[in-house]
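Peer 1: One structure is given below, represented as structure tokens, and several questions about it will come after.
Please treat every number below as a calculation from the coordinates, not as lab data. None of the values given here were measured: they were computed from a predicted structure. In this analysis, Cβ positions are derived from the backbone assuming ideal geometry, glycine residues included, and neighbour counts consider all displayed protein chains.
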Amino acid sequence: MSRSISPVIPGFGLTLGYTLVYLSLLVLIPLGAMFVHAAQLSWAEFWSIVSAPRVQAALKLSFATAFAAAAINGIIGTLLAWALVRYTFPGRKVIEAMIDLPFALPTAVAGIALTALYAPSGMLGQLAASWGVKIAYTPIGITLALTFVTLPFVVRTLQPVLADIPREVEEAAACLGAKPLQVFRHVLLPAMLPAWLTGFSLAFARGVGEYGSVIFIAGNMPMKTEILPLLIMVKLDQYDYHGATAIGVLMLLVSFILLLLINLLQRQIAKS
Amino acid sequence: MSSITLAAGAASNAKRRGNAIGRRVLIVSAWLVFALFLLLPLLIVVSEALKHGIGTFLASVFEADAVAALQLTLLAVGISVPLNLIFGVAAAWCVSKYSFRGKSILVTLIDLPFSVSPVIAGLIYVLLFGAQGFIGPWLRAHDIQIIFALPGIVLATVFVTVPFVARELIPLMQGQGTQEEEAARLLGANGWQMFWHVTLPNIKWGLIYGVVLCTARAMGEFGAVSVVSGHIRGYTNTLPLHVEILYNEYNHVAAFSVASLLLLLALVILLVKQWSESRLK
């Protein structure tokens, strides 16, 4: 046991024990129970549930919209973080404080507010309709809601990193003849990328599981605008616990595999 | 010679001009995102709530079911936030003050609820405590109700907010190290004295920050609570669920009135967060 307990600071056993018991009772055992429940299904049963067209459609929709929202935030979030860290301008403090609004605002409130704005009768929905674009009750609306809910992740992970890059490094590169694009590619990008990926994966994970903000704007049409968490809800309402569990397990597995891949990519970047 | 300096000067002027344009574009786009994406939804909530005047707004907010929902939300927050506060301090303590094998696994497990969908968070408790669940029959035999009652709502809320306090405290306490605590011990303080007089003042603002984020999420949690609540009006309906019910009944003014109450709470949370953050720095 390579445990080195600080000899004078007490509480190791107490705090570690409490942490483990608390986590086990509230998180690990209940999550494990879901896997035990799923294990009661045979492979054929599990497969027939998760390969149903309606589940497959929801699976694709959930992961595609969450990915799109995380990618959009990757761009908007970088712009916002850059503007907030590098420039002082009127209103900067207000924007800085309000960036976290999507975390503070209950998702149901965000959901009905966005629906009121982007529904065909809403202020921005009318505008979009005049261009022939339908936002609410389509995958675009779902992506929009997810982009709103996960907006702070990329901004908040990039800000400290951007603040830590000394301006001198960029200036030195520029003095040595690097063009702005070269400075970005060789100086800024390598420093920003790990944090950017962290923000991206946090936004993605949250987006895949998000429920409250999406269900109002999605329209929830089976096969078209029905997200995976909603499908779990539908199965539960029908007392189809096997179905709900199988979809839950599928969702967790796919999420973990994707997050693991992002994590590996991050390590690869950190090494090079 | 002078022509070279001139050329270099012109080039750097051009670059500066380029930077100034980039700067302007970035600031304008920051403003646009803010106005379109953050401000407009707020305004629409308030304007929809006040569509039929302040009287209808007040009537919707003070309606009996809305008040019951507010009380339930505050009760659930009041139980689950302190639980996660104590857990967060304990977890951050053992992670930051000692080194032991498996620490990185423990940190990953603490963060786990962030990558689990809230709907799944609700589902797992239904599978455990529901009528068909693993210990459902036993609970029913002893007349204990967890699902479709307050305990289930609290459990689901606790699950989704487990990491908030710990996540804020771990990097903060790791940065502070153990020297001050060691000094306190060597000067004769016992464990609790050391915690109350040395550690707690050091982590105070980070702690408040974590609690604020935890409160915000606990107050607004929708998916997880929706699965375990059963939506019984006046009994197991939290404020966000009440918004959904009103909205689905096409009672939009009432839905937005209750929503603006939640919006107000969210803005208070943002203010407290801003204040604790500035103290943290």
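Peer 1: If R0 is 51 Å, what FRET efficiency do you get for A:Ser24 and B:Leu40 from their C-beta distance, rounded to 0.05?
Peer 2: Given R0 = 51 Å and the Cβ-Cβ separation, E is 0.70.
Peer 1: Here is a further query. If amide hydrogens are placed 1.01 Å from N in the peptide plane, which non-local residues have theirs closer than 5 Å to the one on A:Asp100?
Peer 2: The list, which skips near neighbours in sequence, is empty: none.
Peer 1: Now for a separate question. Among residues other than A:Ala66 whose Cβ falls under 13 Å from its Cβ, what is the net charge (Lys/Arg +1, Asp/Glu -1)?
Peer 2: Net of charged neighbours comes to +1.
Peer 1: Shifting gears a bit: In nm², what is the average projected area of the convex hull enclosing the Cα atoms of region B:131-267?
Peer 2: Across all orientations, region B:131-267 yields a mean hull projection of 12.2 nm².
Peer 1: Another one. Round to a whole angstrom and tell me the spacing of the C-alpha centers of region B:114-128 and region A:12-64.
Peer 2: Cα centroid to Cα centroid, the span is 8 Å.
Peer 1: Please list, ordered by chain and number, the residues whose modelled amide H lies under 5 Å from the amide H of B:Asn237; skip anything fewer than 5 residues away on the same chain.
Peer 2: When sequence neighbours closer than 5 places are left aside, the close amide H contacts are B:Ile232.
Peer 1: In chain A, which helices (entire DSSP H runs) extend 24 Å or more along their own long axis, judged by Cα positions, while averaging at least 1.0 on the Kyte-Doolittle scale?
Peer 2: A:53-86, A:189-209, A:241-271
Peer 1: So between B:Asn248 and B:Gln176, what do we pick up on full extension, going 0.36 nm a residue minus the alpha carbon distance?
Peer 2: Stretched out fully, the B:Asn248 to B:Gln176 stretch lengthens by 20.9 nm.
Peer 1: Please quote Rg/Rh for chain B to two decimal places, taking the Kirkwood radius as Rh and restricting both calculations to Cα atoms.
Peer 2: That ratio is 1.12, to two decimals.
Peer 1: Could you work out the helix-only [θ] at 222 nm for chain A, with each DSSP H run of four or more residues adding -39,500 (n - 2.57) and the total divided by the number of residues, to the nearest 500 deg cm²/dmol?
Peer 2: Calculated mean residue ellipticity at 222 nm is -23500 deg cm²/dmol.
Peer 1: So which lysines can B:Lys97 reach, going by Cα to Cα under 29 Å and dropping same-chain residues fewer than 8 places off?
Peer 2: Counting by Cα, and skipping residues close in sequence, B:Lys97 has these lysines nearby: A:Lys271, B:Lys204, B:Lys273, B:Lys281.
Peer 1: Work the Kirkwood hydrodynamic radius out for the protein assembly as shown: mean of 1/r over every pair of different alpha-carbon atoms, inverted, in Å.
Peer 2: On the way: mean 1/r = 0.0396 Å⁻¹.
Averaging 1/r across every pair of different Cα atoms and inverting gives 25.3 Å.
Peer 1: If you place +1 on the Cβ of every Lys and Arg and -1 on the Cβ of every Asp and Glu, how big does the dipole about the Cα centre of chain B come out, in debye to the nearest 20? Mind dumping the intermediate values first?
Peer 2: On the way: 18 positive and 13 negative charges, 254 e Å.
About 1220 debye.
Peer 1: Around A:Met98, what is the net charge, scoring Lys/Arg as +1 and Asp/Glu as -1 over all other residues with Cβ under 14 Å from its Cβ?
Peer 2: Details: positive: A:Arg92, A:Lys93, A:Arg156, B:Lys273; negative: A:Glu96, A:Asp100, B:Glu277.
Within the 14 Å Cβ shell, the charges total +1.
Peer 1: Shifting gears a bit: What value, in deg cm²/dmol to 500, does the helix sum -39500 (n - 2.57) over DSSP H runs of n ≥ 4 give at 222 nm once divided by the residues of chain B?
Peer 2: -25000 deg cm²/dmol, from helical runs alone.
Peer 1: Contour minus end-to-end for A:Leu181 and A:Lys60, with contour as 0.36 nm per residue of separation and end-to-end as the Cα-Cα distance?
Peer 2: 40.0 nm
Peer 1: Could you name the lysines in cross-link range of A:Lys179, using Cα to Cα under 23 Å and dropping any fewer than eight places away on the same chain?
Peer 2: By straight Cα distance, A:Lys179 reaches B:Lys15.
Peer 1: Could you tell me the center-to-center distance, by alpha carbons, between region B:194-259 and region A:106-153 in angstrom?
Peer 2: Using only Cα atoms, the two centres lie 23 Å from each other.
Peer 1: At 24 angstrom or more along the helix axis (alpha-carbon based) and mean Kyte-Doolittle of 0.5 or higher, what helices does chain B contain? Whole DSSP H runs only.
Peer 2: B:64-97, B:200-220, B:252-280
Peer 1: Residues of region A:7-21 with backbone nitrogen within less than 15 Å of a virtual label 7 Å along the Cα-to-Cβ line of B:Ile86, please, listed as ranges.
Peer 2: Only A:14-21 pass the distance filter.
Peer 1: How high is the relative contact order of region A:42-271, in percent, with contacts defined as C-alpha pairs under 8 Å that are six or more residues apart?
Peer 2: That works out to 32 percent.
Peer 1: Next question, about the same structure. Could you give the size of the charge dipole of region A:42-271 about its Cα centre, using +1 on the Cβ of each K and R and -1 on the Cβ of each D and E, expressed in debye and rounded to the nearest 20?
Peer 2: 380
Peer 1: Please state the shape class of chain A: rounded when a/c is under 1.5, otherwise prolate if a/b exceeds b/c and oblate if not, all from the C-alpha gyration tensor.
Peer 2: Note, shape of chain A comes out oblate.
Peer 1: So, one more: Distance between Cα centroids, region B:42-58 to region A:199-218: provide it in whole Å.
Peer 2: For region B:42-58 versus region A:199-218, the Cα centre distance is 28 Å.
Peer 1: Starting from the Cα of B:Gln132, move 7 Å in the Cα-to-Cβ direction to define the label point; list residues of region B:226-253 whose amide nitrogen is under 17 Å from there.
Peer 2: Correct set: B:227-230.
Peer 1: What does the convex hull of the alpha-carbon atoms of region B:88-150 project to on average, in nm²?
Peer 2: Result: a mean projected hull area of 6.2 nm².
Peer 1: Out of A:Leu261, A:Ala218, A:Leu193, whose Cα points farthest toward the positive end of the dipole of region A:190-272 (charges: +1 Lys, Arg; -1 Asp, Glu; placed on Cβ)?
Peer 2: Going by the charge dipole, the pick is A:Leu193.
Peer 1: Next up: Could you give the length gained by full extension between B:Asp143 and B:Trp196, i.e. 0.36 nm per residue of separation minus their alpha carbon distance, to one decimal place? Please list the in-between numbers first.
Peer 2: On the way: separation 53, 0.36 × 53 = 19.08 nm, distance 4.14 nm.
Net length gain for the segment: 14.9 nm.
Peer 1: Provide the net charge surrounding A:Val155, with neighbours chosen by a C-beta distance below 12 Å and charges set as Lys +1, Arg +1, Asp -1, Glu -1. Don't skip to the answer; put the middle values down first.
Peer 2: Numbers: positive: A:Arg156; negative: A:Glu96, A:Asp100.
Taking every other residue near A:Val155 into account, the sum is -1.
Peer 1: Shifting gears a bit: List the lysines whose Cα lies under 19 Å from the Cα of A:Lys235, skipping any in the same chain that are fewer than 8 positions away.
Peer 2: A:Lys60, A:Lys224
Peer 1: Taking the simple approach of a point 7 Å from Cα along Cα-to-Cβ for both B:Leu74 and B:Ile232, what is their distance in nm?
Peer 2: Modelled inter-label distance: 2.2 nm.
Peer 1: At 7 Å along Cα-to-Cβ for each site, give me the label-to-label distance between B:Leu271 and B:Phe62 in nm.
Peer 2: 2.2
Peer 1: Along region B:130-147, what does the Karplus equation 6.51 cos²θ - 1.76 cosθ + 1.60 (θ = phi - 60°) give for ³J(HN,Hα), rounded to whole Hz, x for Gly and Pro?
Peer 2: Each residue's phi maps through the Karplus curve to give x, 4, 8, x, 4, 10, x, x, 4, 4, 5, 4, 9, 6, 10, 10, 10, 6 Hz.
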